[in-house]
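Visitor: Got a structure for you, written out below as structure tokens; questions coming shortly.
Laboratory data are not the source of any read-out in this text; all were calculated from the coordinates shown. Note that the structure is a prediction, hence the values are computed from the model and not measured. Methodologically, a virtual Cβ is constructed for each residue, glycine included, from the backbone with ideal geometry; neighbour enumeration extends over all protein chains shown.
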Amino acid sequence: MRSELRVLFGRPRTWAMLLALAAIPILIAVAVRLSSEPPGPGEGPPFLDRVTQNGLFVGMTALVVSIPLFLPLTVGVVAGDTIAGEASLGTLRYLLVAPAGRVRLLVVKYVAAAVFCLAATLTVVVVGALVGLALFGAGPATLLSGDTVGVGESAVRALLVAVYVTVSLLGLSAVGLFVSTLTEVPVGAMAATVVLSVVAQVLGQLDQLAWLHPWLFSRHWLGFADLLRQPVSWDSFGDNALLQAGYVAVFGALAYGRFVTKDVLS
Amino acid sequence: MKRPSVRWAPAVVVPAVIATGALISSAGAGAADLEPRTPAQVLALLAASDVQAFAGTLEQTSELGLPTLPDGALAGSAEGSAATAVLELLTGERTARVYADGPSNLRVQVFDTLTERDVVRRGDEVWLYDYEANEATRLELPDAPAGHAASLPGAGTPDGVPTPAELADRFVALVDDTTEVAVGAGVVVAGRDAYDLVLSPRSADTLIGSVVIAVDAETGLPLSVAVHARGQEEPAARVAFTRLTLGAPDPALFSFTPPPGAQVEEVEPPQPGLRPPAGTGLDRLPAVALPTVTGSGWDTVVALPAAAVPPELAKAPLVAQLTRAVDGGRALETAVVTVLLTEDGRALVGAVPLERLQDVAAGR
């Protein structure tokens, strides 16, 4: 497990993706700072006009911006690479020669992908918070309900939001893991995973498919705002966790079925 | 080495388990085992309810059959914001939290994606807050009339005032001319057992099939209200608690201080007995523009004379999109309400089919 994480975070590609994610809050904060007049209420992405009051909101704005594409993109790359990457490098059969077993390999690969989800989300939130604090300073944060909380509690809320978004991405990681067992071409698995995440969001926009919406893994992706209400509304956190757990179970089982019956030739 | 079919077993079993679980949780929401009661008893229960302190989550769904407007269709138009706000209420789903403690402490939070609107009332002070616009509005309610306190629930029942049970009996008798009242099967709403009170119109001329109120078996608090249209499986509109806690919520919820940076506005409350203040548009309504009411009960049709209908209404792009041209004007048809804008500028509204509105408009 430790070696798997070392491999994942030893790759220049992983760091490049995290850097790209870190660039989003930095760009937002610098743009707001340099613009001559502060953004008015309701302008630009949500939370943007609150950035100047409290730097922590840079992280929130960056999350809203990156949830539709950037986060699924990086998670798709990591999750799609899990099995197919080893297969394409020809290292998969060596891993399977070791007595670790296929199930364990699958679990280790998935946990590594999940750790990357957390790292990616934390990157956006923490870098956003740091940049925001540096450029705008800390102030009392206004929650969605209009109540004001101090810096300490707003930091706790920001971390909770990071956890929420990480959980949101676990389902997509499981889908990526399954797709990765289907092919030996990692790029194909990555692309398929990213495309699936976009398709899920497009389907979520179509009112005609309302019956399908509760089953889409992207259903609660923007629900993290419920953690910024006063008092905290845990309903969407619970719904989201249940939904993602369902995806992990289904696609984990599919990946298991596929991977343990697969002839590993490379 | 096990056979491949065994290896695939989890991939079949897991979705099956999830599907079963989903089916059970949606079907299990019904059926509560309650002692049978007559409609009058349930009405009495409803009338006797004096729950004043609770915290709950409400969910509102609408299936009115309104045409879906493309996003941004209203952007930039003058009537945009107000009209979209109304349309939003009439379409789709919405979640709100309600906190109440006594008659004068109330907080309502309407959840939207990434934003929220709040109403906070504490005593005579009311705050409205809109997070997205970052606007806080304060208004002071006029003092309650002196006799008001006595009429509050729980303030005692002086002699001569009917008991809730009597009231319920009278109510049943009253509604019985136009409405059939029945008690449906027990249901579970927000985890509480409740009686379904079913009000069905006797008139065949209305679009409304029935109104169903779930009355909490223990406290008599209405837990959900659903309006069913004729021939439509899903309720046309439903408001229901998904979560309910009885007892006083945290008092801090009822105090509101506008957040720093918010735009604060004071609004003068309308004084009773005075003309509406100039500039609100209300004072420009001519006194003769009173609506005429045709019929009674469920198939009532309300007709606004041309003078009360802004002439530019029929030409507004939003109205043009929502309505369709019919014999005698333009009509908006939903599952439970029909609106007819006649060519001579009148507006007719009713929970009736379009033909009846046309008949009334033509004076038949």
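Visitor: For peptide A:251-261, how many partner chain Cβ atoms fall within 10 Å of a residue's Cβ, on average? Walk me through the intermediate numbers first.
Guide: Numbers: counts 2, 3, 9, 6, 2, 6, 10, 3, 1, 6, 7.
Rounded to a whole number, the mean comes out at 5.
Visitor: Now a separate question. In a shell of Cβ-Cβ distance under 13 Å around B:R324, excluding B:R324 itself, what net charge do Lys and Arg (+1) and Asp and Glu (-1) give?
Guide: -1
Visitor: Less than 13 Å from a label point 7 Å out along the Cα-to-Cβ axis of A:L118: which backbone N atoms in region A:170-205 qualify, by residue?
Guide: A:170
Visitor: Next up: By average Cβ neighbour count within 10 Å, what is the ranking of A:48-59, B:297-308, B:36-47 from highest down?
Guide: Peptide ranking by packing, descending: A:48-59, B:36-47, B:297-308.
Visitor: So, one more: For the pair B:E218/B:A362, report the inter-label distance in nm, with labels modelled 7 Å from Cα in the Cβ direction.
Guide: Distance between label points: 5.7 nm.
Visitor: Another question, then. Roughly how crowded by other chains is peptide A:1-8, in terms of the mean Cβ count from those chains within 10 Å of each of its Cβ atoms?
Guide: Taking all residues of A:1-8 together, the mean is 0.
Visitor: Calculate, in nm to one decimal, what A:Y94 and A:L34 gain on full extension: separation in residues at 0.36 nm each, minus their alpha carbon distance.
Guide: 16.2 nm
Visitor: At 7 Å along Cα-to-Cβ for each site, give me the label-to-label distance between B:D344 and B:D124 in nm.
Guide: Label at B:D344, label at B:D124, 4.9 nm between them.
Visitor: Determine the gain in length on full extension of the stretch B:Q232-B:E265; use 0.36 nm per residue of separation and subtract their C-alpha separation, reporting nm with one decimal. The partial results should precede the final answer.
Guide: Numbers: separation 33, 0.36 × 33 = 11.88 nm, distance 4.41 nm.
Between B:Q232 and B:E265, full extension yields 7.5 nm more.
Visitor: I would also like to ask the following. Under the classification rounded if a/c is under 1.5, otherwise prolate if a/b is larger than b/c and oblate if not, where does region B:306-364 fall, given a ≥ b ≥ c as square roots of the Cα gyration tensor eigenvalues?
Guide: On the way: a/c = 1.78, a/b = 1.20, b/c = 1.48.
Oblate is the answer for region B:306-364, as a/c is 1.5 or above yet b/c matches or exceeds a/b.
Visitor: Give me the inter-chain shielding for A:147-153: mean count of other chain Cβ atoms within 10 Å, whole number please.
Guide: The shielding value for this peptide is 2.
Visitor: Return the calculated 222 nm mean residue ellipticity for chain A, to the nearest 500 deg cm²/dmol, obtained by summing -39500 (n - 2.57) across DSSP H runs with n ≥ 4 and dividing by the residue count.
Guide: Working: 9 runs with 182 residues, N = 266.
Taken over chain A, the calculation gives -23500 deg cm²/dmol.
Visitor: Which whole DSSP H helices in chain A pass both tests: a Cα extent of 27 Å or more along the axis and a mean Kyte-Doolittle value no lower than 1.6?
Guide: A:12-34, A:102-136, A:151-182
Visitor: Provide the gained length on full extension for the span A:L19 to A:A191, in nm with one decimal, where the gain is 0.36 nm per separating residue minus the Cα-Cα distance. Kindly include the intermediate steps, with their values, before the conclusion.
Guide: Working: separation 172, 0.36 × 172 = 61.92 nm, distance 2.05 nm.
Computed gain between A:L19 and A:A191 is 59.9 nm.
Visitor: P(r) for region A:2-259: what percent of alpha-carbon pairs falls in each 5 Å bin, starting at zero?
Guide: 1, 6, 13, 17, 17, 15, 12, 9, 6, 3, 1, 0, 0
Visitor: Using 1/(1 + (r/R0)^6) with R0 = 30 angstrom and r between the beta carbons of B:S26 and A:V111, what's the FRET efficiency to the nearest 0.05?
Guide: For R0 = 30 Å, the calculated efficiency reads 0.35.
Visitor: Around A:T82, under 15 Å between beta carbons, what's the net of Lys plus Arg minus Asp minus Glu among the other residues?
Guide: +3
Visitor: What does the net charge come to around A:V232 if you take all other residues with beta carbon closer than 13 Å to its beta carbon, with K and R at +1 and D and E at -1?
Guide: Local charge sum for A:V232: -3.
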